[in-house]
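Written below as structure tokens is the structure these notes are about.
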Amino acid sequence: MNTVLLLFRNTREVIKAEEACRRANLALQVIATPKYISSDCGMCLQIAETDSRQALELITPLGIQPQAHSEPPVPPAFDLLTTVKEGGCSAKLAPDLLTEALHRFPAPSDPRLLVGLDTCDDAGVVQISDDIALIETTDFFPPICSDAYEFGQIAAANALSDVFAMGGQVLSAMNLVMFPASGIPLEVLGEILRGGREKVVEAGGIIVGGHTIADSPPKYGLAVTGTVHPSRVIANSNGTPGQTLILTKPLGTGVLVAGQRVGEADPAHYRAALESMKQLNRAGAEIMQNYGVACATDITGFGLLGHALHIARASGITLEFDGARLPALAGVRELISRGCIPGGAFRNQTYIEGSTTFGDGVSSVDRMLALDPQTSGGLLMLISPNAAKPALADLHAAGYPSAAVVGRATTLQKSLLSVF
């Protein structure tokens with residue numbers, strides 16, 4: 001948890017400020033002012049960064065004008081990033097290799113299977129009654145951040161997202177754990193599992209078990225079961241020409257993680273990427289169902305264009321994107337312009353280049369942004385043009401402030417994807 005120090009001119013101000021904050025039930029501590037900070041008073045208040053604004057609103061009417069000083073974040077007990085070269089969804093097998101491996105398998109013909117391997121969708125869907133279909137999915141990957149608890153949160157949010165992309169509700173999940181028997185404190189594993197459990201609970205599900213093997217580097221994820229009414233399955237094969245494309249989260253997590261590794265990312269921008277990856281797509285799924293959305297996907301390791309290609313191919317349409325309108329996390333376009341591009345973006349480029357047309361006016365920065373491998377990214381939905389504006393308003397109100405219209409679906413053209 002990030003904290004802020006509130007600095008005062010004298011001890012009397014510290015006491016008055018503390019009393020005002022405690023009356024409002026704000027958690028804080030009175031501590032000695034650190035030696036590296038120049039202050040008139042030897043005492044200060046330490047408070048969570050998320051509560052600092054409210055504290056200042058309580059204190060300033062008292063005629064006290066404290067100075068806020070952000071504390072440097074405490075480094076994690078064990079830095080998980082020291083164990084990997086590529087983490088998160090950037091560690092996925094290249095999509096063209098995956099396609100080559102799977103093409104030899106015959107498509108199942110069981111009538112209960114509503115969504116299977118043939119459309120490269122986010123999850124499988126099996127109907128078990130007139131009113132219930134089960135959504136089955138799994139996802140795991142190596143660490144994408146230093147902190148074990150945050151890694152658990154992000155990996156779980158990413159795995160749960162497949163259920164939401166299909167328009168479903170999370171029922172249960174099982175932990176998938178690969179962790180070395182020695183070399184990393186077991187407390188780290190406990191923190192990973194704690195983070196994962198909290199996200200499953202937030203998603204409305206329960207952890208019912210799991211499986212572990214001794215392996216290095218560590219990897220974590222979930223096998224998730226969800227439910228959806230058979231007539232309300234949202235699949236990547238249901239797109240139709242004329243629909244509007246909405247993306248719910250900003251792009252650029254892969255770029256910022258790469259920038260963090262080489263010391264180029266602004267800490268505040270990297271922190272925003274972590275928070276974005278921890279955000280569930282649950283509210284987005286509920287909004288899609290409210291507006292009758294039938295076609296969507298979540299954006300993860302194959303990037304915006306890689307996952308959009310699956311929609312276009314499965315639906316038999318062309319998706320057109322306005323490169324300049326793609327939402328990006330703060331600092332991402334600048335990092336790309338400086339050459340900070342993860343290797344997964346180039347693998348994604350190889351995958352989509354034969355099916356994609358880029359307009360002459362599309363900048364190299366916007367091109368790589370659309371290829372950036374996301375971890376726990378947003379939803380790309382195809383929605384009626386008349387519903388796009390109110391749906392965007394609902395998404396913004398639900399905590400997706402960067403949600404934006406990014407393009408449209410058309411009848412099938414020479415290319416499955418077009419970026420202009």
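For beta carbons closer than 6 Å, sequence separation of 6+ or different chains, a first residue in the stretch 253-275 that is over 14 Å from PRO143 (Cα atoms) and a second that is among the hydroxyl-bearing types (Ser, Thr, Tyr) and surrounded by fewer than 23 Cβ atoms within 10 Å (Cβ to Cβ), the qualifying pairs are LEU256/TYR270.
Quick one: in the stretch 250-292, of everything that is more than 27 Å from VAL170 (Cα to Cα) and part of a loop (DSSP other than H, G, I, E, B), which residue is modelled with the lowest pLDDT? Once the filter is applied, the top-ranked residue is VAL262. From VAL200, VAL170, grab the single residue that is within 18 Å of the chain's Cα centre (by Cα) and either under 20 Å from VAL115 (Cα atoms) or free of Cβ contacts under 8 Å to residues at least 40 places away in the same chain (or both). VAL170 is the lone residue from the list that is within 18 Å of the chain's Cα centre (by Cα) and either under 20 Å from VAL115 (Cα atoms) or free of Cβ contacts under 8 Å to residues at least 40 places away in the same chain (or both). For beta carbons closer than 6 Å, sequence separation of 6+ or different chains, a first residue in the stretch 384-402 that is among the polar types (S, T, N, Q) and a second that is crowded, with 18+ Cβ neighbours inside 10 Å, the qualifying pairs are SER402/PRO250; SER402/PRO327.
One residue is enough: does the stretch 199-211 have a residue meeting the conditions in contact with a Pro (Cβ under 9 Å, 6 or more places away or on another chain), surrounded by 16 or more Cβ atoms within 10 Å (Cβ to Cβ) and of a type outside the set (S, T, N, Q)?
So in the stretch 199-211, the residues in contact with a Pro (Cβ under 9 Å, 6 or more places away or on another chain) come out as none.
No, the conditions are met nowhere in the stretch 199-211.
Tallying residues that are out of contact with any strand residue (DSSP E or B) (no Cβ under 8 Å at 6 or more places or on another chain) and of a type in the set (Val, Ile, Thr) within the stretch 322-363 yields 3. Checking GLY343 against (1) at pLDDT below 95; (2) buried (at least 24 other Cβ atoms within 10 Å of the Cβ), which single condition isn't satisfied? Failing condition for GLY343: (2).
Every residue in the stretch 17-40 that is of a type in the set (Lys, Arg) and either exposed (fewer than 11 other Cβ atoms within 10 Å of the Cβ) or at pLDDT below 85 (or both), please.
Residues satisfying the conditions are ARG23, LYS35.
If you go through the stretch 175-196 and pick out every residue that is surrounded by fewer than 18 Cβ atoms within 10 Å (Cβ to Cβ) and in a helix (DSSP H, G or I), you end up with 4.
Suppose we keep only residues that are surrounded by fewer than 14 Cβ atoms within 10 Å (Cβ to Cβ) and touching a Leu at 6+ places or on another chain (Cβ under 7 Å) within the stretch 56-79. Which one would you say is modelled with the highest pLDDT? Result: GLN67. Of everything in the stretch 75-118 that's outside any helix (DSSP H, G or I) and of a type in the set (Asp, Glu), which residue is nearest to ALA345 (Cα to Cα)? Within the stretch 75-118, the match that is nearest to ALA345 (Cα to Cα) is GLU86. If you go through the stretch 280-303 and keep only what is within 17 Å of ILE383 (Cα to Cα) and of a type in the set (A, V, I, L, M), you end up with ALA283, ALA285, ILE287, MET288, VAL293, ALA294, ALA296, ILE299. Restricting the first member to the stretch 41-55 and to residues that are modelled with pLDDT under 85, and the second to residues that are in a helix (DSSP H, G or I) and surrounded by fewer than 17 Cβ atoms within 10 Å (Cβ to Cβ), the beta-carbon pairs closer than 7 Å and six or more apart or on different chains are CYS41/THR11; MET43/THR11. Screening the stretch 353-420 for strands (runs of 3 or more DSSP E) wholly inside it with 3 or more residues that are within 30 Å of ALA156 (Cβ to Cβ) returns the ranges 379-383, 404-411. Residue-level check: of (1) farther than 28 Å from THR99 by Cβ; (2) assigned to a strand (DSSP E or B); (3) acidic (Asp, Glu), GLU320 misses just (1). Does the stretch 209-226 contain at least one residue that is farther than 22 Å from ASP121 by Cβ and among the β-branched types (Val, Ile, Thr)? Checked against the condition, which is being farther than 22 Å from ASP121 by Cβ and among the β-branched types (Val, Ile, Thr), the stretch 209-226 yields at least one hit.
If I filter the stretch 123-133 for residues that are of a type in the set (Gly, Ala, Ser), outside any helix (DSSP H, G or I) and within 21 Å of LEU380 (Cα to Cα), do I get at least one hit? Can you show your working first?
Pass one, the stretch 123-133, residues of a type in the set (Gly, Ala, Ser): 123-124, 129, 133.
If we keep only those that are outside any helix (DSSP H, G or I) too, we end up with 123-124, 129, 133.
Going one step further and asking which of them are within 21 Å of LEU380 (Cα to Cα), we end up with 123-124.
Yes.
So, in the stretch 317-334, of the ones that are under 20 Å from the mean Cα position of the chain (by Cα) and of a type outside the set (Val, Ile, Thr), which residue ends up surrounded by the most Cβ atoms within 10 Å (Cβ to Cβ)? Looking at residues that are under 20 Å from the mean Cα position of the chain (by Cα) and of a type outside the set (Val, Ile, Thr), I get LEU329. Only one of the numbered conditions (1) assigned by TED's automatic domain parsing to the domain that holds GLY167; (2) surrounded by 23 or more Cβ atoms within 10 Å (Cβ to Cβ) is not met by GLY252, and that is (1). Scan the stretch 119-167 for residues that are of a type in the set (S, T, N, Q) and within 14 Å of the chain's Cα centre (by Cα) and the total you get is 3.
On the given criteria, is LEU45 outside the structural domain of GLY221 (by TED's automatic domain parsing) and out of contact with any Pro (no Cβ under 6 Å at 6 or more places or on another chain)? Before the answer, list the steps.
On the way: outside the structural domain of GLY221 (by TED's automatic domain parsing): yes; out of contact with any Pro (no Cβ under 6 Å at 6 or more places or on another chain): yes.
Taking the combined requirement at face value, the residue satisfies it.
The values are calculated or read from the model by the stated rules, or taken from the named source; none is laboratory data. Computed from a predicted model, the values in this text were never measured in an experiment. Ideal geometry is used to build each Cβ from the backbone, glycine not excepted, and the neighbour counts take in all protein chains shown.
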